[in-house]
Amino acid sequence: MSFLFNIFAVLIGVVASTFAYAETESFPAVDAKFETIQCANPCKKTVKRDWWLMRATSQVELRDVEKKTGQLTPRGEIWKRSPDGKMSYLFLMHDDKRAIEYLFDDLKVLGIKSDESQWQITSQLVSDAELVGLKKLIKKSITYQGYSTESYVGAINGAKVKLTWLPQLKIPVKLEYVYAKSKVTIQLNQLNLAESTQATKNPAPKTTEEVLNSYQQVYYTDIGDMEQSNDAKEWLAKAQGAPGLHSHHH
């Protein structure tokens, strides 16, 4: 399973639910840099990660940043949603200029959630159903880059939750999960909107269509036919975290 997908599916504790595709509201394209902080209770030693969420109307790209060096990691991923609501997934190997594409049926076979709820978790970190289940606090609103925020508390999948939310952008400023033995905090540290000064000064590391077209791309279903190739064996060995590859490559 991919490194960023694990954050959503395991650490946060995704609540699976299904929504009609037609009911999904459109939201603005944003590039957001987050910091995830994890610790065991009581919180004495923390593990921190920086990562980007780069969201367009029907695509979300995720990319980790090395905490010590500030450099981008060699792996990334792109989730896409087609007009009929079906999701697909690209596992990106930037150093090797390669990409593995997983179609909707591949995700289904691998047991990876690809319904509307999962799209919302991926693109806005909190699904609509989860937000509805939280209690909105009546308090003076603060602003973040000129946008009003809302505050929520409640529980999601057994964790106590505190949320500071940007309703106009459908993205959190701060999201805190407290479990019995651990705590996970996701903090928004940089928000770039289209044509903003921030976006110009500190651009997000997007994988453009031009760059993606320069990568060697293979379908996940074709990997089984390639595993006897020495070239394929070499780069597949580097595809750490790519979903389902353990069944093809050892």
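The values are calculated or read from the model by the stated rules, or taken from the named source; none is laboratory data. Keep in mind the model is a prediction, meaning the values are calculated, not measured. Note that we place each Cβ from the backbone using ideal geometry, even for glycine, and neighbour counts take in every protein chain shown. The area values use the complete protein model at the heavy-atom level, side chains included, leaving out ligands, DNA and RNA. Shrake-Rupley method; radii C 1.70, N 1.55, O 1.52, S 1.80 Å.
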Count - residues of segment 201-250 that are modelled with pLDDT of 90 or more, open to solvent by less than 50 Å² (accessible area, probe 1.4 Å) and outside any helix (DSSP H, G or I): 7
Leading residue by the ranking (modelled with the lowest pLDDT) among those in segment 125-165 that are out of contact with any helix residue (DSSP H, G or I) (no Cβ under 9 Å at 6 or more places or on another chain) and of a type in the set (S, T, N, Q): 141
Meets criteria (surrounded by fewer than 19 Cβ atoms within 10 Å (Cβ to Cβ), within 18 Å of residue 29 (Cα to Cα), over 20 Å from the mean Cα position of the chain (by Cα) and of a type in the set (Lys, Arg)) for residue 140: no
Residues being of a type outside the set (Val, Ile, Thr), closer than 15 Å to residue 54 by Cα and open to solvent by less than 30 Å² (accessible area, probe 1.4 Å) - total across segment 171-195: 5
Tally, over segment 97-146, of residues that are over 22 Å from residue 191 (Cβ atoms) and in contact with a Lys or Arg (Cβ under 6 Å, 6 or more places away or on another chain): 1
Within segment 178-200, tally of residues that are of a type in the set (S, T, N, Q) and part of a helix (DSSP H, G or I): 3
Unmet criterion (only one of (1) open to solvent by 20 Å² or more (accessible area, probe 1.4 Å); (2) farther than 21 Å from residue 185 by Cα; (3) of a type in the set (A, V, I, L, M, F, W, C)) for residue 43: (2)
